[in-house]
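**Q** The structure's right below; bear with me while I get my questions together.
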Amino acid sequence: MSLLGLKLAVTAIDGEELEYKNRRQEKATRHYYLLGVGGSQFVLSDIPNWAIHRDGMDPASALKLKQVDDAIYKLPDDQSVLPPADRRLVFQVPGAGGVTVRVYDRRNLPSEIVAILKILEIARAPYQLPPAPH
């Protein structure tokens, strides 16, 4: 996915990709939230062997863009630990020096990430999962 013109891309991944007889086989559903530099925002769901679904949203307000700007440049470290394939939440933030990428566990999100999801109005499944039962 090209990040040209985007301020932020958030991807929730359900499932995994498998190699089968030298062919990549998608088993993962991906849910994307995309925020454009000018405030355009939309969500996509890519469901293997079925469809790509897109929903437009109202443009983000100037206040929302400012809150996102303040928050995304303070993304917490992901500790270089990759969560299980079906629980990954990927943040991609384009910048002058390239793209910053962080991967978090949707069942155990840092409070800073939950705050960003609330600003974006996507603090729910599939982007956030409830804690695992004990």
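**Q** How much net charge surrounds Ser61 when only other residues with a Cβ under 15 Å from its Cβ are counted (Lys, Arg +1; Asp, Glu -1)?
**A** Its environment carries a net charge of 0.
**Q** Once R0 is set to 35 Å, what does the formula 1/(1 + (r/R0)^6) return for the Cβ-Cβ distance between Asp55 and Ser111, expressed as a FRET efficiency to the nearest 0.05? Working shown, then result.
**A** Numbers: r = 27 Å, r/R0 = 0.78.
With R0 = 35 Å, the Cβ-Cβ based efficiency is 0.80.
**Q** For a Förster distance of 22 Å, can you work out the FRET efficiency between the beta-carbons of Ala125 and Gln79, rounded to the nearest 0.05?
**A** Result of the calculation: an efficiency of 0.40.
**Q** Counting Lys and Arg as +1 and Asp and Glu as -1, what is the net charge of the other residues whose Cβ lies under 14 Å from the Cβ of Leu109? Numbers along the way, then the final one.
**A** On the way: positive: Arg87, Arg88, Arg102, Arg106, Arg107, Lys118, Arg124; negative: Asp77, Asp78, Asp105, Glu112.
Here the count lands on +3.
**Q** Using the Cβ atoms and a cut-off under 10 Å, what net charge is assigned to the surroundings of Pro126, where Lys and Arg are +1 and Asp and Glu are -1?
**A** +2
FYI, it's all coordinate maths here, none of it is from the lab. Nothing here was measured: the structure is a model prediction, and the numbers come from that model. Positions of Cβ are generated from backbone atoms using ideal geometry, with glycine treated the same way; all protein chains shown enter the neighbour counts.
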